[in-house]
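First the structure, in the form of structure tokens, and then the observations on it.
The values are calculated or read from the model by the stated rules, or taken from the named source; none is laboratory data. Keep in mind the model is a prediction, meaning the values are calculated, not measured. So basically every Cβ, Gly included, is an ideal-geometry build from the backbone, and we count neighbours across all protein chains shown. To get the accessible areas, we keep the full protein, side chains included, count just its heavy atoms, and leave off ligands, DNA and RNA. Shrake-Rupley method; radii C 1.70, N 1.55, O 1.52, S 1.80 Å.
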Amino acid sequence: MGGTFDPVHNGHLVAASEVQATFDLDEVVFVPTGRPYQKDVEEVSSAEHRYLMTVIATASNPRFTVSRADVDRPGPTYTIDTLRDLASSYGPDTELFFITGADALAQILTWKNVDELFSLAHFVGVSRPGHELRGEGLPVDRLSLVQIPALAISSTDCRQRVMDGAPVWYLVPDGVVQYIAKYELYRSENG
Ligand code: ATP
Ligand code: MG
């Protein structure tokens, strides 16, 4: 599951947990992006903060791990590189699934090397409040659509709440609330 995770929130965790259970996956690997090429770099927290919050959020789940693949790769992050790296580190006997929310799924045709993407992984689109879940134009045999419990949470809203002094308790895991406070993340417009 790739994402900016700025910060990781309970919507991400429920999506991962549901897909893990639905497909009986051995492991869900969270891959925080290095430099998300479709987002403004200035507005994204450092990769290290995002990586560490993701580690904190997933630590208690034995099936959840976090990969540094995108954080450590120089240059902008493309999912094609993420999947190539994971495919080579896990080896040819591993079947890869890529978990994505309905909003990101709708953008997938704009992603780099889209045909190869679908050859490297089975895509799983999950429902997200405010977005229609549909796989139009995508290869049906390489895509599953899964309805998950609706959590109307976004990282953008969590950042705005912190900036406004509103609580993010129960929207993000407790350890992430404490991490955000400790490092004073999202307090000002210029990060
Ligand atoms: P931002 O507002 O900064 O874009 P976000 O909440 O959309 O943050 P991302 O890191 O962009 O989080 O998303 C990573 C992945 O998780 C994407 O595939 C996204 O669609 C999915 N996702 C995020 N939030 C939810 C949610 N509440 N329910 C289902 N899927 C979600
Ligand atoms: Mg997003």
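Is it true that some residue in segment 11-28 is more than 10 Å from ligand 1 (Cβ to nearest atom), part of a helix (DSSP H, G or I), at pLDDT below 95 and surrounded by 18 or more Cβ atoms within 10 Å (Cβ to Cβ)? For segment 11-28, residues more than 10 Å from ligand 1 (Cβ to nearest atom), part of a helix (DSSP H, G or I), at pLDDT below 95 and surrounded by 18 or more Cβ atoms within 10 Å (Cβ to Cβ): absent. Condition check: acidic (D, E), at pLDDT below 95 and surrounded by fewer than 20 Cβ atoms within 10 Å (Cβ to Cβ). Does D40 satisfy that? Considered against the rule, which asks whether it is acidic (D, E), at pLDDT below 95 and surrounded by fewer than 20 Cβ atoms within 10 Å (Cβ to Cβ), D40 comes out as yes.
Give the residue, chosen from R50, R63, R134, that is within 16 Å of ligand 2 (Cβ to nearest atom) and among the basic types (K, R). Talk me through it step by step, then tell me what you get.
Numbers: R63 fails: within 16 Å of ligand 2 (Cβ to nearest atom); R134 fails: within 16 Å of ligand 2 (Cβ to nearest atom).
Testing whether each residue is within 16 Å of ligand 2 (Cβ to nearest atom) and among the basic types (K, R) leaves just R50.
Condition check: at pLDDT 95 or above, open to solvent by 80 Å² or more (accessible area, probe 1.4 Å), under 18 Å from the mean Cα position of the chain (by Cα) and of a type in the set (G, A, S). Does A121 satisfy that? No; evaluated as a whole, the condition is false for this residue.
Here P76 meets each of (1) touching a strand residue (DSSP E or B) at 6+ places or on another chain (Cβ under 7 Å); (2) within 24 Å of Y179 (Cβ to Cβ); (3) of a type outside the set (A, V, I, L, M) with one exception, condition (2). Look at segment 165-180: where a residue is over 21 Å from A15 (Cβ atoms) and a partner is assigned to a helix (DSSP H, G or I) and not polar (S, T, N, Q), sitting 6+ places away or on another chain with Cβ atoms under 8 Å, you get P167/R161. Filtered by the rule that a residue be within 16 Å of ligand 2 (Cβ to nearest atom), open to solvent by 80 Å² or more (accessible area, probe 1.4 Å) and among the β-branched types (V, I, T), segment 137-174 gives a lone residue, T156.
Taking segment 99-191 as the region of interest, the helices (runs of 4 or more DSSP H) fully inside it that hold 2 or more residues being closer than 17 Å to G3 by Cβ are 102-105, 155-164, 174-182.
Looking only at residues of segment 87-117 that are within 16 Å of ligand 2 (Cβ to nearest atom) and among the hydroxyl-bearing types (S, T, Y), we find that the one that is surrounded by the most Cβ atoms within 10 Å (Cβ to Cβ) is T100.
Looking at R159, R142, just one residue is in contact (Cβ under 8 Å) with a residue 60 or more places away in the chain, of a type in the set (K, R) and on the phi < 0 side of the Ramachandran plot, and that residue is R159.
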